[in-house]
Amino acid sequence: MGKIRQLSNEDINKIAAGEVVESPKNMVKELVENALDAGATEIEIEISQGGFERIAVKDNGCGMSSEDAVLSTERHATSKIRGYLDLAQCMTLGFRGEALSSIAAVSRITILTSEKTPLGVEVSVEPGKEPVCISKGRRRGTTVVVEKLFANTPARKAFQKSPAQSTRDIKQVCKALVLSHFGVSFTLVIDGKEEYRLHAAPSLERVSSLYEPSFTRDLRELKHDCFSGFFSPPDIAHLSRSHQFLFLNGRTITSPELSRAMERGYATMLNAGTFPHFFLWLQIEPDSYDVNIHPQKKEVAFREEEMLCQALQNAVRDAFRTRVVFEEEISREPLVRFEMPRQEVQFELREEPRVPDFEIVALVQSIAIVAREENLLIMDLVRAKKSLIVKEMGQGKLPAMQSLLFPIQITVSDQEVDRIEAYPEKLAAWGIEGHRTGPHLFSVEAVYPGYDEGKLQEVIGAMCRGEAWESQVENLRVGPTFSPHEVREIVRGILDARLEFSPTGKRIWKRCSMEQFAAIVDQ
Ligand SMILES: Nc1ncnc2c1ncn2[C@@H]1O[C@H](COP(=O)(O)OP(=O)(O)OP(=O)(O)O)[C@@H](O)[C@H]1O
Ligand SMILES: [Mg+2]
């Protein structure tokens, strides 16, 4: 008898699901994309325990009939295309008819849907079982609830990230969805707490509702027949590309080529190893690209990629002459807005902006001369920045991590694996998040941006040896040059924290009064 066997349908589905929905964040993305394809104008996303316990996505879209609701969890069942040729004209985010079936293959899924208020149907599907269908009332729209994630695929479950990291990933995915569909209202609820409730708004307003004013400061605007967007000035740059958002006809994509083209537009203005942030919305005919080249539809192949890259590069270069003026600087915090019906007056309450209490008089390499009240402070910025990082991280305060667009693979020993798995919170306190991808492979997916990425192996080793975090100060990538924005932030941080000495006891700044200066001149 031959060795080849046909796999069961259940196993085929479980294996296929691994490509489409390998984590809660992919499930959230697929469910929200379905809601958007259904024409929803209001979407609510709720997650518990990083989505592992429960994910619910509620929309007011077109809903489904009971027959379609049952069929929707079957493999290759879609209402979006009739055949392969339709792909060339496809403007919907989904088209493969795989997402719901993949989710249903590895979790319990309940779909409550209605095409017409108040008649509805609830379909519950458990892996390997027949769907159960009951009539239930609902307003027009659909709610999909996913529970018991990966209960029947223990190997996949074992390699999932921590709930905290998964929550961060979901927030990042939602951020991209929210930014790509600013005409839709979104609510995100995490572990019972409302993270945000965003009403339909113009693109810039949506961007500023998600970011600190310092992030949206001095954004430049891009306008072109095929794209529009905003990008940061060169002095507000980051150590990774995780703040670069590319949207193609409402779809979030990644494209190192397009990212690099945007960066080339800055010419020599960017410091080596730093990346600007941008939000780019591309509107291109669907027959000019192929979206069917990546399991999660994240990458696309453009027919005229070179021309598009050139147009982006030129547009960035030209846009450096303009600066976005916010409508009355709406982004300034704190801001309380009372929403009135459209066309009526909006009242805004703001606090007075903080009066700057210092001035940077000069910058000599990494030494800043700061005027404050009647004194001049001479500040070592490298020491200052390191002291601020140690202060944040050494006090057990979780550092702000940035998700890496391209995770870094690190080889770890048996002892290190044991330690990392026994104390995941310790790693997080050291500003590193990731998960095992093999017996001796650890994939770093988010990291405190102050680390030198080339030194991560050393940092993880030190943590596993039980060293104090302060020992890693030398593995931080700090200076020696700083953008004017960074200089201000460092000086403000040191003065606000009243830090005068570094953790190793070295002086961060020295004060010189006007009398002392006068005495020096007199000498
Ligand atoms: N929220 C929703 N509202 C209305 N219809 C929905 C919703 N979610 C799913 N559907 C229907 O179920 C079908 C199957 O959804 P599924 O996500 O599995 O596939 P798809 O969106 O067609 O393609 P893809 O696998 O690429 O996402 C959809 O084509 C759509 O008709
Ligand atoms: Mg879909």
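Tabulated values for the structure
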read-out	value
Residues with amide H under 5 Å from that of ILE408, placed H, sequence gap 5 or more	VAL444
For the chain: relative contact order, % (alpha-carbon pairs under 8 angstrom, 6 or more apart)	11
Percent RCO, i.e. relative contact order, over the range 231-289, from Cα pairs under 8 Å lying at least 6 residues apart	54
All Cα pairs of the range 472-523, percent lying beyond 19 Å	49
With eigenvalues of the C-alpha gyration tensor scaled by 5 and rooted, the range 98-208, Å	27, 23, 11
Packing-based ranking, highest mean first, of 4-12, 177-185, 253-261 given that Cβ atoms within 10 Å are counted	177-185, 253-261, 4-12
Net length gained if the chain between GLN365 and GLU10 were fully extended (0.36 nm per residue, minus Cα distance)	121.4 nm
Highest average packing first - 296-306, 225-235, Cβ atoms within 10 Å	225-235, 296-306
Farthest toward positive dipole pole in the chain [+1 Lys/Arg, -1 Asp/Glu at C-beta], among HIS224, VAL173, ALA201	VAL173
Charge dipole (the chain, unit charges on Cβ, about Cα centre) - positive-most of VAL28, SER255, GLN160	GLN160
Potential lengthening between GLU130 and ASN292 on full extension [0.36 nm per residue; Cα-Cα distance subtracted]	55.3 nm
Farthest toward positive dipole pole in the chain [+1 Lys/Arg, -1 Asp/Glu at C-beta], among PHE406, ILE284, GLY265	PHE406
Packing-based ranking, highest mean first, of 379-385, 139-145 given that Cβ atoms within 10 Å are counted	379-385, 139-145
Scattering curve values for the range 211-327, log₁₀ I(q)/I(0), Debye with Cα scatterers, q = 0.14, 0.17, 0.19 Å⁻¹	-0.56, -0.82, -1.01
Where N is the number of residues in the range 149-275, Cα Rg divided by 2.2 N^0.38 Å	1.23
Normalised contact order of the range 211-327, rounded percent, pairs of Cα under 8 Å and 6 or more residues apart	33
Pair-distance profile P(r), taking every C-alpha pair of the range 423-523, with 10 angstrom steps and integer %	11, 32, 29, 15, 8, 4, 1
The chain - mean residue ellipticity at 222 nm from DSSP helices (-39,500 (n - 2.57) per run, n ≥ 4, rounded to 500)	-9000 deg cm²/dmol
Nearest-10 value in Å² for the accessible area of HIS76, using the 1.4 Å probe	120
Estimated FRET transfer efficiency when R0 is 41 angstrom, pair ARG511-ALA267 (beta carbons, to 0.05)	0.55
Net charge of Cβ neighbours under 13 Å - reference CYS464; Lys, Arg +1; Asp, Glu -1	-3
Separation between Cα centres of the range 400-462 and the range 15-38, rounded to whole Å	26
About the Cα centre, charge dipole magnitude for the chain (Lys/Arg +1, Asp/Glu -1 at Cβ), debye	680
For ILE520, solvent-accessible area (1.4 Å; no DNA, RNA or ligand), Å²	90
Accessible area, probe 1.4 Å, largest first, for residues CYS512, CYS133	CYS133, CYS512
Cα-Cα pairs of the range 354-523 separated by more than 18 Å (percent)	65
Degrees separating the helix 9-20 axis from the principal Cα axis of the chain, which is the longest one	30
Lys, Arg +1 and Asp, Glu -1 on Cβ, resulting dipole of the range 211-327 about Cα centre, debye, nearest 20	280
q = 0.10, 0.13 Å⁻¹, the chain: log10 I(q)/I(0) [Debye, one scatterer per Cα]	-0.94, -1.45
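The values are calculated or read from the model by the stated rules, or taken from the named source; none is laboratory data. The structure presented is a predicted model; accordingly, all values stated were derived computationally and were not measured. Neighbour counts run over all protein chains shown; Cβ positions are idealised from the backbone, glycine included. The protein model used for the area step is the full one, side chains on, heavy atoms only, and it has no ligands, DNA or RNA in it. Shrake-Rupley method; radii C 1.70, N 1.55, O 1.52, S 1.80 Å.
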